[in-house]
1. So how exposed is residue 127, as accessible area in Å² (1.4 Å probe, rounded to 10)?
2. How do 66, 136 stack up against each other in accessible area, from largest to smallest, with a 1.4 angstrom probe?
3. What accessible area, in Å² to the nearest ten, does a 1.4 Å probe give for residue 92?
4. Just reorder 141, 74, 17, 83 by solvent-accessible area, largest first, 1.4 Å probe, all chains present.
5. So if each residue of separation counts as 0.36 nm, and I subtract the Cα-Cα distance between residue 50 and residue 66, what length gain in nm does that give?
6. Which ³J(HN,Hα) values in Hz, rounded to whole numbers, follow from the phi angles of region 10-20 under the Karplus curve 6.51 cos²θ - 1.76 cosθ + 1.60, where θ = phi - 60° and Gly and Pro get x?
7. Got a sec to turn the phi values of region 46-53 into Karplus ³J(HN,Hα) couplings, 6.51 cos²θ - 1.76 cosθ + 1.60 with θ = phi - 60°, whole Hz, x for Gly and Pro?
8. Rounded, prolate or oblate, given the Cα gyration tensor of region 1-62, with a/c below 1.5 counting as rounded?
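The values are calculated or read from the model by the stated rules, or taken from the named source; none is laboratory data. Note that the structure is a prediction, hence the values are computed from the model and not measured. These area figures cover heavy atoms from the full protein model, side chains too; ligands, DNA and RNA do not enter into them. Shrake-Rupley method; radii C 1.70, N 1.55, O 1.52, S 1.80 Å.
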Amino acid sequence: MGTIDRLTSFFSKFPGIGLRQARRFVYFLLTAKGDFLNELLSLLASLKTTVRECSSCYRFFEEDTKENICSLCIGNGNKPLLIVVEKDIDLENIHKSGTRNGAYFVLGGLLSPLLENPSVRMTKLITRVRKDTEQKNLKEIIIALSAHPHARPSHSLHLF
């Protein structure tokens, strides 16, 4: 497999990108003018060193903070509302809409509540909900997940 095919295969692994769109990306990069490709390579190389994960909501952020807490979570510990989302992009969309003023928690993917061994993130969510409830800070949880055709709505999640 040549470089074009390997890169096409790599791009096609991005969410929502099929083989045709992935191939367009490759040809775009081959014809890009100026320092576009060099800047892209530099940005990709610095991604893991400049972006951190918030230790409170688990979203990715770049702000310059002393702790591993993003600007959405600093001083947000006493919010009576917790909004649980699947991915960072979901958090961004809800936050930008301005319709909800609460603390956030990013699951990092869909989870099955019936798993025998829950993920570390699910364990952290349960711990957070218990702690916030005991401190009487939490009054409401919104689980804002997108509809998936293979999701089974009959499942329930018991946090307590």
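1. For residue 127, the solvent-accessible surface is approximately 80 Å².
2. Result, largest first: 66, 136.
3. The value for residue 92 is about 70 Å².
4. Correct descending sequence by accessible area is 74, 141, 17, 83.
5. 4.4 nm
6. Karplus values, whole Hz, x for Gly and Pro: 5, 4, 5, 7, 5, x, x, 10, x, 5, 5.
7. For region 46-53, the Karplus curve yields 8, 3, 6, 9, 9, 10, 10, 9 Hz.
8. Oblate is the answer for region 1-62, as a/c is 1.5 or above yet b/c matches or exceeds a/b.
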